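Notes to accompany the following structure.
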Amino acid sequence: MVKTEWYFEYDIQHNRPGLLGDISSLLGMLSINIITINGVENSRRGMLLLAEKDDQISRFKSILETVETIVITKLRKPKLRDKLAVRHGKYIHRDADDRKTIRFVRNELGILVDFMAELCKTEEHKLIGVRGMPRVGKTESIVAASVCANKRWIFVSSTLLKQTVRNQLIKGEYGGDNIYIIDGIVSKKRANEKHWQLIREIMQIPAVKIVEHPDIFVQATEYNMDDFDYIIELRSDENEEITYESIKNPTFSQDDGFSMFDF
């Protein structure tokens with residue numbers, strides 16, 4: 001019989017000795033397996049469970065609802081955020097006003113890479129925007145996520161290796177096994193019509209496209225922010241403001257490698 005994964009999370013009301021052991025024993029008596037367990041933010045604990053029948057979970061829930069030492073906060077089929085919370089011991093945070101915007105700080109690069117890697121594993125169209133100030137780790141995180149997802153990364157435009165502005169792809173660079181990385185600032189400032197034609201072509205490929213500085217990218221294209229499936233914001237700390245003031249009226253030479261605003 002095929003077993004089903006469940007995500008169980010509870011808030012500890014009274015952290016008495018043996019509480020976790022009692023819950024684990026109850027799961028064992030109901031023949032529910034524990035895959036992973038971890039603390040997730042403050043007094044909460046999360047578990048990934050494996051059950052053969054849904055009524056096992058229903059009985060488990062009804063029993064725990066009579067227990068005063070914990071309060072069930074989640075008991076559902078696991079979402080990606082649930083799996084990452086158990087794996088890393090903390091939740092990723094969505095923007096309160098825009099649910100597709102997800103925020104990270106630099107000391108959360110591990111969970112950021114893990115999250116992007118899960119998104120990159122698909123071979124379907126997915127458009128991801130990444131916002132962040134210079135040298136915060138945007139491009140490096142994208143490359144690391146591509147490696148974790150066992151995908152090949154292709155820089156369509158980038159400043160990682162001085163400057164990259166591609167006008168065409170070669171054989172083997174088409175298909176869902178590739179991650180296409182576009183720097184919105186580089187494309188807007190350096191690209192010609194052949195480059196934009198390549199970007200339009202790439203957008204039709206059923207694959208993951210990751211755009212650094214999506215706000216600048218949409219200024220130069222027919223795409224808009226609604227076309228993005230996810231917007232990831234990466235900051236050095238929670239209070240850092242992401243701004244593009246330094247590139248509104250930049251002065252640079254053709255060979256300066258964007259040293260004035262090395263995003």
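The values are calculated or read from the model by the stated rules, or taken from the named source; none is laboratory data. Remember, predicted model here, so these are calculated numbers, not experimental data. When we count neighbours, we look across all protein chains shown, and the Cβ atoms used for this are built from the backbone with ideal geometry, even at glycine. Each accessible area value is taken on the protein alone, full model and side chains, heavy atoms only, with ligands, DNA and RNA left out. Shrake-Rupley method; radii C 1.70, N 1.55, O 1.52, S 1.80 Å.
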Report summary line: Here the chain gives, from Cα atoms, an Rg and Dmax in Å of 22.4, 71
Report task. Taking the Cα centre of the chain as origin, work out the dipole magnitude from +1 charges on Lys and Arg Cβ and -1 charges on Asp and Glu Cβ, in debye rounded to 20. Result -> 520 debye
Query raised in the report: Which value in nm describes the separation of the simple spin-label points at ILE37 and GLU173, placed 7 Å from the Cα toward the beta carbon?
Result: 5.1 nm
Requested in this report: Just round it to a whole percent: the fraction of Cα-Cα distances in the stretch 101-161 exceeding 13 Å.
Outcome: 63 percent
Requested in this report: Would you kindly find the accessible area of TYR174, with a 1.4 Å probe and non-protein molecules such as ligands, DNA and RNA excluded, rounding to the nearest 10 Å²?
Outcome: 110 Å²
**Report entry** Pairs beyond 24 Å (Cα-Cα), from LYS171/LYS194; LYS188/LYS209; LYS138/LYS171
**Finding:** LYS138/LYS171
Report task. Report, largest value first, the span of the C-alpha coordinates of the stretch 32-171 along each principal axis, in whole Å. Result -> 63, 32, 25
Query - GluC sites (Glu not before Pro) lying in DSSP loop within the stretch 99-136, provided at most 16 other Cβ fall within 10 Å - result: GLU123, GLU124
Query raised in the report: What's the angle, to the nearest 10 degrees (0 to 90), between helix 193-203's Cα axis and the longest principal axis of the chain?
Result: 20 degrees
Report task. State whether the stretch 146-206 is rounded, prolate or oblate according to the following rule on the C-alpha gyration tensor (a ≥ b ≥ c being the square roots of its eigenvalues): a/c under 1.5 gives rounded; otherwise a/b larger than b/c gives prolate, and the remaining case gives oblate. Result -> oblate
Query - Residue-normalised accessible area of the chain, given per residue in Å² at a 1.4 Å probe - result: 51 Å²
**Report entry** Listed residue (THR101, VAL113, HIS195) projecting farthest to the positive dipole end of the stretch 100-238, Cβ model
**Finding:** HIS195
Report summary line: With Cα coordinates, the longest principal axis of the chain makes an angle with the long axis of helix 138-148, in degrees rounded to 10, of 60 degrees
Requested in this report: Go through ILE23, VAL130, VAL156 and say which Cα lies farthest out towards the positive end of the charge dipole of the chain; charges sit on Cβ, +1 for Lys and Arg, -1 for Asp and Glu.
Outcome: ILE23
Query - Fraction of accessible area attributable to carbon and sulfur, the chain (%, probe 1.4 Å) - result: 46 percent
Query - Label-to-label distance, nm, for residues given as GLU118 and MET29 (7 Å Cα→Cβ offset) - result: 3.2 nm
Query - Length added when fully stretched, MET1-ARG106, from 0.36 nm per residue minus Cα-Cα - result: 33.5 nm
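Return the calculated 222 nm mean residue ellipticity for the chain, to the nearest 500 deg cm²/dmol, obtained by summing -39500 (n - 2.57) across DSSP H runs with n ≥ 4 and dividing by the residue count.
-8500 deg cm²/dmol
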